[in-house]
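Step one of this worksheet: look at the structure below.
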Amino acid sequence: MVNHITDLSSLPAPHEKRLALRVTKDALRQIRGGHPWVFGNSILKGDDGQPGDLAVIFDDNRKFAAIGLYDPASPMAVKLLHVGKPLSIDADFFVDRVAAAIDVRAPLMDGTETTGHRLIHGENDGLPGFVVDRYDTTLVIKLYSAAWFPHLMSLIDALQELGATPDAAVERIVLRLSRNVARGNCFGLNDGQTIFGSPPDTDIEFVENGLRFGADVVAGQKTGHFFDQRDNRLAVQHETKGDVLDVFSSTGGFSVYAAAGGAATVTSVDINQPSLDAAEANMSRNGLQEMVRHTTICGDAFSVLSDFASDGRKFDVVVIDPPSFAQKNSDIDAALHAYRRLTTRGLALVRNGGLFVQASCSSRVSTDEFYGAIHDAADQAGVQLLDQRRAGHALDHPIGFVYGGYLKALFARVQR
Ligand SMILES: C[S@@+](CC[C@H](N)C(=O)[O-])C[C@H]1O[C@@H](n2cnc3c(N)ncnc32)[C@H](O)[C@@H]1O
């Protein structure tokens, strides 16, 4: 076992005893169809247990169907780890899962052009609710389920032993906790706590497609950087000219690539001032502040877009990358309405022949619904959109189940 600087002895050890559960026929069908969770309301009968207990799902013939982690506080009461024949869930199991995830990222990890990326993408890498992002030699573990606490040591050991940070040992591991997890029993651990190595005293630097970025891994949004748009940012860099508007810019991912691609001006809009400060710092890291006029605007994107239209502002490239608008199916209509509003307001600012990019990270909104909403709004505005590309996420965000492919991004030329 690897030494940890933070004392993690307060973490519970995994229980030997497994819970036995029977679920509805519909749930069993979904499990066998690759769905990564069992909802609590589809459990017919079973033992009660603690978060992180191993729960075995039996079929109607009392045969093993699947095994997962019990998470009684969550509507997704079992996070499935394996479906099919009986299997032991132990340290070796987690080593295999981590090794498989590293293997998927080999094309990124073999080079030096990108040293920041997602390393483990939860459900999509067979570890539901467990996310790891790599920032050079720092790993950030984000837990979306308290069921992972008893298994955290096994996963930390696997990450350290398997070379999760190529060419160098893991220097530091920071723990991030989702809001739901942070509200419960965290065994003395806190969101943003460094659980291995020394706490960072500044943003962690990493490289993405040869561009330098810094991330506040302790308090920044998600784990500090949105890696999923890496390929789409590169596409914007290659197609950039003139004046660029980056709406929902966060720490300036698209803004930095646009500046590197030769934009004359870049305007970054976000509601979060620390993110905009980070965007400025990221421009400086690449020496771009001398080559481009970069303006940041802190405010609500919907209002800023309206104000720009009133002021007659025009841009050659407009990128709109909002947060998720639909957490559940009942949010879908409101989300589509919001996307249409953003399309209408964004298109009003694009010069004829300019590039319009609009993204959605709402997994509940289908690709057809999303692209349909954009085109409806464009039609109503009397704007012709020539689709160039309909893109998703980069390879470090593999799609392992139906809602795993959440990111959609339309690249289109604007013609009036
Ligand atoms: C998906 S992230 C954007 C990621 C970014 N484009 C990148 O490439 O790194 C969404 C961003 O929207 C911002 N945001 C959320 N609501 C907002 C609003 N009403 N107006 C402006 N920004 C908002 C968040 O602060 C967050 O930075």
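Quick one: in segment 230-259, which of the residues that are buried (at least 24 other Cβ atoms within 10 Å of the Cβ) and among the aliphatic types (A, V, I, L, M) is nearest to Gly214 (Cα to Cα)? Among those that are buried (at least 24 other Cβ atoms within 10 Å of the Cβ) and among the aliphatic types (A, V, I, L, M), it is Val256.
Kindly provide the set of residues from segment 20-72 that are small (Gly, Ala, Ser), within 23 Å of Asn124 (Cβ to Cβ) and part of a loop (DSSP other than H, G, I, E, B), ordered by number. Within segment 20-72, Gly33, Gly34, Gly52 meet the criteria. Against the condition part of a loop (DSSP other than H, G, I, E, B), under 28 Å from Val256 (Cα atoms) and in contact with a Lys or Arg (Cβ under 7 Å, 6 or more places away or on another chain), how does Ala164 come out, does it pass? Criteria met by Ala164.
All conditions in (1) within 9 Å of the ligand (Cβ to nearest atom); (2) among the polar types (S, T, N, Q); (3) outside any helix (DSSP H, G or I); (4) farther than 18 Å from Gln229 by Cβ hold for Ser303, with the sole exception of (3).
For Ala263, the conditions (1) free of Cβ contacts under 8 Å to residues at least 60 places away in the same chain; (2) within 9 Å of the ligand (Cβ to nearest atom) are fulfilled apart from (2).
Residue-by-condition table, conditions (1) out of contact with any helix residue (DSSP H, G or I) (no Cβ under 9 Å at 6 or more places or on another chain); (2) more than 9 Å from the ligand (Cβ to nearest atom); (3) assigned to a loop (DSSP other than H, G, I, E, B):
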{"residue": "Arg233", "(1), (2), (3)": "no, no, no"}
{"residue": "Val244", "(1), (2), (3)": "no, yes, no"}
{"residue": "Ser255", "(1), (2), (3)": "no, no, no"}
{"residue": "Ala259", "(1), (2), (3)": "no, yes, no"}
{"residue": "Thr267", "(1), (2), (3)": "no, yes, no"}
{"residue": "Ala278", "(1), (2), (3)": "yes, yes, no"}
{"residue": "Leu288", "(1), (2), (3)": "no, yes, yes"}
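Restricting to segment 345-373, name every residue that is of a type in the set (S, T, N, Q) and either without any contact (Cβ under 8 Å) to a residue 60 or more places away in the chain or within 16 Å of the ligand (Cβ to nearest atom) (or both). Talk me through it step by step, then tell me what you get.
Just the residues of segment 345-373 that are of a type in the set (S, T, N, Q), to begin with: 352, 358, 360, 362-363, 366-367.
Scanning segment 345-373 gives Gln358, Ser360, Ser362, Ser363, Ser366, Thr367.
The set of residues in segment 261-298 being more than 18 Å from Phe206 (Cβ to Cβ), out of contact with any Cys (no Cβ under 9 Å at 6 or more places or on another chain) and either at pLDDT below 95 or of a type in the set (A, V, I, L, M) (or both) consists of Ala263, Ala264, Val266, Gln289, Glu290, Met291, Val292, Ile297. Restricting segment 343-363 to residues that are part of a helix (DSSP H, G or I) and crowded, with 24+ Cβ neighbours inside 10 Å, which is farthest from the chain's Cα centre (by Cα)? In this case the residue turns out to be Leu347.
Per-residue answers, yes or no, for (1) modelled with pLDDT under 95; (2) not polar (S, T, N, Q):
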residue: Arg341; (1), (2): no, yes
residue: Thr344; (1), (2): no, no
residue: Ala359; (1), (2): no, yes
residue: Asp368; (1), (2): no, yes
residue: Ala381; (1), (2): no, yes
residue: Arg390; (1), (2): no, yes
residue: His393; (1), (2): yes, yes
residue: Phe401; (1), (2): yes, yes
residue: Gly405; (1), (2): yes, yes
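Restricting attention to segment 102-129, the residues being over 23 Å from Gly253 (Cβ atoms), out of contact with any Leu (no Cβ under 9 Å at 6 or more places or on another chain) and not charged (D, E, K, R) number 1.
The values are calculated or read from the model by the stated rules, or taken from the named source; none is laboratory data. A quick note: this is a predicted structure, and the numbers were derived from the prediction, not measured. Note that each Cβ is placed from the backbone with ideal geometry, even for glycine, and that neighbours are counted across all protein chains shown.
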